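A.B. asks: Here it is, the structure in full.
Just so it is clear, none of the values below were taken in a lab; they were calculated from the coordinates. The structure presented is a predicted model; accordingly, all values stated were derived computationally and were not measured. All Cβ positions, glycine included, derive from the backbone under ideal geometry; neighbour counts span all protein chains shown.
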Amino acid sequence: MKRVLQVVVFLTAFYSTAQYSSSQIDSLVNDAITKLNVAGAAVAVVKDGKVIHSKGYGVKSFKTKEKVNEHTQFAIASNSKAFTTTALALLVEEGKITWTDKVVDHIPEFKMYNSYVTENFNIQDLLTHRSGLGLGIGDLMIFPDGTDFTIDDVISSFQHFKPISAFRTQFDYDNLLYLVAGELIARKSGMTWEEFIQTRIMNPIGMNTSSANQKGIKDKTNIASPHTTAYGDMQVISNFEDQMNGAAGGIYANVDDLAQWMLVHLNQGAYGEKLKDTLFTKESQNEMWMIHTTTRSRKNPRYNNHFSGYGLGWDLEDKKGNMVVSHTGGLPGMLSRTVLIPDLNLGIVVLTNTEPGGAGVFIGVSRTLVDNYLELDDFEWISKFEEYFKESGAENSAVVDAVWETVKSAKRNKINNEDYIGIYEDAWFGKVEVSLNNGKLWMKCYRSPKLNGAMSFYKSNTFAVKWEYQDMNADVFAMFSLDENGKAQGLKMKGISPDIDFSFDFQDLDLHRIETEEEY
């Protein structure tokens, strides 16, 4: 999520002396959720092969006031990606695939934006965000939830996208290709991605109450509800629906179970009594924790860091001479972070249920604890993020408010609604209809039912669209191109808020009129 990516790169500096006790972690987290206005959170820490902290904080729901505990289920979003790469590692070890197999050898209908990329695209390319396509491209097929796109639609969509960089030369985060990886797992294993994750990974290592998707949660009474404070007061929003498969971000888990997940990775795949059992080999872990795509290293004297990159489902960097393996996750109202430092035999996971403040909590808490183990001075991360969110929130609100103020004062005497009414179509997203609703222009996206909303004149041939969906701020500008008679022929869109999540990739749509008002 864009907020997650922004906050991850936000600050630098210096922290602490003695290792935090559980009571100090309690104080840290309670301070964080209070200052950053977050309903609930959960934190687990593993060190030297043991779970030394596992606890919930705050409430599952602002409405019910029920308390979070260590077994409360949160959507872990993109932290699910490491489960997908681990599943593929198991298939590699069984000889059913190799990491460098061509995707078309297993999914013949897979087609990229040109023949060379299609023919050479391998399994690792599905996982490493180096396809040449732009950030979050095609995510409108899954954001917001409730669309009717299928995995077949996803597989056939890539041929319609335009690359922004040469193949395997640039990092641009991609969710859809992980969905293809989930489909590949299903085809090679004979079971769904969810079944594979549950039976081959979660059950063996003791993740007994977590689930590969929301539908599979056994105890429905202990699920954290997502919240937002984007519009001022805290609001409970709806849980994000299960997608076509969960390979990009479908898992629901709790910190007690995720502690076992971290221990397996810190033990290089070993688990169980006296570590006699093996989930995956050291060779598989080396492959997952090898940089496959370099990312821009942000030199920070605080950490004396030198490199950063992406492995297979993991972010990789160095801090004070230690390799740091991590990932973040974000869905509406659900934000999380996992951090592993194998050199210190340390693992930390933070789950939260409120945005945008949850990003400050999961980064602030995890960085404070990491700094503590690295014997750095106190940088007061939580207070810094509190200040950051106040400033950035005010800046973003000012931009959005200015747009709607312009709408209120706009003169519409030269605008003829009939010039814009019609059906427009994009090659991968499908049809979008502009019609009249109670005398006002209205936009409806056929395949994404939550994207319906009133259109208000802004400037020239541009309208501002306020969606009925408001769990996240995804309102857009709709910009029409006209023919010589002033009739709309094409439609482009882009987010109004500078803080719009990258998964709302409206800018990637290329809509062309296929019907006029008289034709339908």
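A.B. asks: If you average 1/r across every pair of different Cα atoms in the stretch 417-519 and take the reciprocal, what Kirkwood value do you get, in Å? Intermediate results must be reported in sequence, preceding the final value.
C.D. replies: On the way: mean 1/r = 0.0733 Å⁻¹.
Kirkwood radius, the stretch 417-519: 13.6 Å.
A.B. asks: May I ask which of K218/K282; K102/K282; K96/K218; K218/K390; K215/K274 have a Cα-Cα span longer than 27 Å here?
C.D. replies: On the way: K218/K282 33 Å; K102/K282 24 Å; K96/K218 31 Å; K218/K390 39 Å; K215/K274 34 Å.
In this structure, K218/K282; K96/K218; K218/K390; K215/K274 exceed 27 Å between Cα atoms.
A.B. asks: If you don't mind, there's one more thing I want to ask. Neighbour counts of other C-beta atoms within 10 Å: give me R130, R302 arranged from fewest to most.
C.D. replies: Details: R130 22, R302 17.
Exposure proxy ranking, most exposed first: R302, R130.
A.B. asks: At q = 0.15 Å⁻¹, what base-10 log of I(q)/I(0) does the Debye formula yield for the stretch 298-368 when every alpha carbon is treated as an equal point scatterer in vacuo?
C.D. replies: With one equal scatterer per Cα and no solvent, log10 I(q)/I(0) is -0.52.
A.B. asks: Here's something else I'd like to know. Which whole-number percentage describes the relative contact order of the chain, with Cα contacts under 8 Å and a sequence gap of 6 or more?
C.D. replies: Working: 1157 pairs, mean separation 101.4, N = 520.
Contact order relative to length: 19 percent.
A.B. asks: Further question on the same structure: Can you find, among L279, Q260, T294, the residue farthest towards the positive end of the dipole of the stretch 259-298? Put +1 on the C-beta of Lys and Arg, -1 on that of Asp and Glu.
C.D. replies: My answer, from the dipole projection, is T294.
A.B. asks: While we're here: Specify whether the C-alpha gyration tensor of the stretch 43-115 places it in the rounded, prolate or oblate class, a ≥ b ≥ c being the square roots of the eigenvalues: rounded for a/c under 1.5, otherwise prolate if a/b is larger than b/c and oblate if not. Provide the component values of the computation, followed by the final result.
C.D. replies: Details: a/c = 4.45, a/b = 2.01, b/c = 2.21.
In terms of gyration-tensor shape, oblate.
A.B. asks: Using the alpha carbons of the stretch 334-470, what is the convex hull volume per residue in cubic angstrom, as a whole number? Walk me through the intermediate numbers first.
C.D. replies: Details: hull volume 22.7 nm³, N = 137.
Here the figure is 166 Å³ per residue.
A.B. asks: At 7 Å along Cα-to-Cβ for each site, give me the label-to-label distance between A398 and R298 in nm.
C.D. replies: Rounded to a tenth, the inter-label distance reads 2.2 nm.
A.B. asks: Give the angle, between 0 and 90 degrees and rounded to the nearest 10, that separates the Cα long axis of helix 357-373 from the longest principal axis of the Cα atoms of the chain.
C.D. replies: 30
A.B. asks: If you don't mind, another one. How far is helix 22-35 tilted, in degrees, relative to the longest principal axis of the Cα atoms in the chain, given as a value from 0 to 90 rounded to the nearest 10?
C.D. replies: For 22-35 against the chain, the angle is about 10 degrees.
A.B. asks: Moving on. Would you list the P(r) distribution for the stretch 327-374, with all Cα-Cα distances sorted into 10 Å bins from 0 and each bin expressed as a whole %?
C.D. replies: The calculated distribution, bin by bin, is 29, 50, 19, 2.
A.B. asks: Using 16 Å as the cut-off for backbone N distance, which residues of the stretch 156-170 belong to the label zone defined by a point 7 Å from the Cα of I514 along Cα→Cβ?
C.D. replies: 157, 160
A.B. asks: Then there is this: I need two numbers for the stretch 114-218: Rg to one decimal and Dmax as a whole number, Cα atoms only, in Å.
C.D. replies: Gyration radius and largest Cα-Cα distance of the stretch 114-218: 15.5, 46 Å.
A.B. asks: Rg and Dmax in Å for the stretch 216-292, alpha carbons only: what are they?
C.D. replies: 17.6, 52
A.B. asks: Given the -39500 (n - 2.57) contribution per DSSP H run of 4+ residues, what per-residue ellipticity at 222 nm results for the chain, rounded to the nearest 500 deg cm²/dmol? Don't skip to the end; give the middle numbers.
C.D. replies: Working: 11 runs with 130 residues, N = 520.
Calculated from helices alone, the mean residue ellipticity at 222 nm is -7500 deg cm²/dmol.
A.B. asks: For E405 and E66 in the same chain, what is the full-extension length gain: residue separation times 0.36 nm, less their Cα-Cα distance, in nm?
C.D. replies: 118.1 nm
A.B. asks: With each pseudo-label sitting 7 Å past Cα toward Cβ, what's the Q159-K440 distance in nm, one decimal?
C.D. replies: 4.1
A.B. asks: Place a point 7 Å from Cα of E109 in the direction of its Cβ. Which residues in the stretch 140-179 have their backbone N less than 12 Å from it?
C.D. replies: 150-157
A.B. asks: Mind ranking 51-63, 256-268, 349-361 by how tightly packed they are, going by the mean number of other C-beta atoms within 10 angstrom, highest first? Present the calculation step by step, with values, prior to reporting the outcome.
C.D. replies: Numbers: 51-63: 20.0, 256-268: 22.5, 349-361: 30.2.
So the order, starting with the most tightly packed, is 349-361, 256-268, 51-63.
A.B. asks: Given the C-alpha centroids of the stretch 70-118 and the stretch 137-153, what is the distance between them in whole angstrom?
C.D. replies: Value for the Cα centre distance between the two parts: 18 Å.
A.B. asks: Out of the DSSP beta bridges found with both residues in the chain, what percent are antiparallel (nearest 5)? If you can, show how the numbers build up before the last one.
C.D. replies: Details: 85 of 88 bridges.
In the chain, DSSP labels about 95 percent of beta bridges as antiparallel.
A.B. asks: Moving to a separate point now. Take every Cα pair under 8 Å in the stretch 417-519 that's 6+ residues apart, average their separations, divide by the length, and report that relative contact order as a whole percent. Walk me through the numbers on the way to the answer.
C.D. replies: Details: 217 pairs, mean separation 26.3, N = 103.
Once normalised by length, the contact order is 26 percent.
A.B. asks: Provide the packing ranking of 235-247, 160-172, i.e. peptides ordered by the mean count of other C-beta atoms within 10 Å per residue, highest first.
C.D. replies: On the way: 235-247: 20.5, 160-172: 15.3.
The most tightly packed comes first, giving 235-247, 160-172.
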